[in-house]
Amino acid sequence: MRCRRITRLRTLYRELRAETREGAAPQGALDSLRGEYEEERDAFDGCVRELEALDAAFISHDPVTLHLLGELGTGLRVVLCWTVGEKKVAYFHPLGLEDAPRQPLDPSLPAPLPRAALPAPSLRPDA
């Protein structure tokens, strides 16, 4: 996954930068790693922009967590929550309480509707 690669590259870059300062690593190796990191970061930023265009809010990169406005089968509007490794959206936060612990979706209820089907406000801070 791109986030893990970015985190690994950032760690390697910091280690190599320290070695370069100590004279143990050539500057060319540092420049190459920096370039690789910046390419990955730019690609990742593009993915985040695509998600934000869909009104998803990118919450964290470690672990990758997304929030998306939705509505439960009961009609209650919520913030759906997905974290990398989960096969489907299975958790939510009450709307306005996004920092509260996630709650599991009730599998006996109809599947939640994504924001695209709702006239709901955006989660994005600039909206």
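Quick notes
- Filtering region 60-98 to residues that are of a type in the set (Lys, Arg) and not in a strand (DSSP E or B) leaves Lys87, Lys88.
- Test result for Pro121, loosely packed, with under 11 Cβ neighbours inside 10 Å and either at pLDDT below 80 or assigned to a loop (DSSP other than H, G, I, E, B) (or both): no
- Any hit, region 60-69, residues being among the small types (Gly, Ala, Ser) and either assigned by TED's automatic domain parsing to the domain that holds Arg8 or modelled with pLDDT of 80 or more (or both): no
- Selection within region 49-102 - of a type in the set (S, T, N, Q) and closer than 28 Å to Arg8 by Cα: Ser60, Thr65, Thr83
The values are calculated or read from the model by the stated rules, or taken from the named source; none is laboratory data. From a predicted model like this one, the values you see are computed outputs, not experimental measurements. Note that each Cβ is placed from the backbone with ideal geometry, even for glycine, and that neighbours are counted across all protein chains shown.
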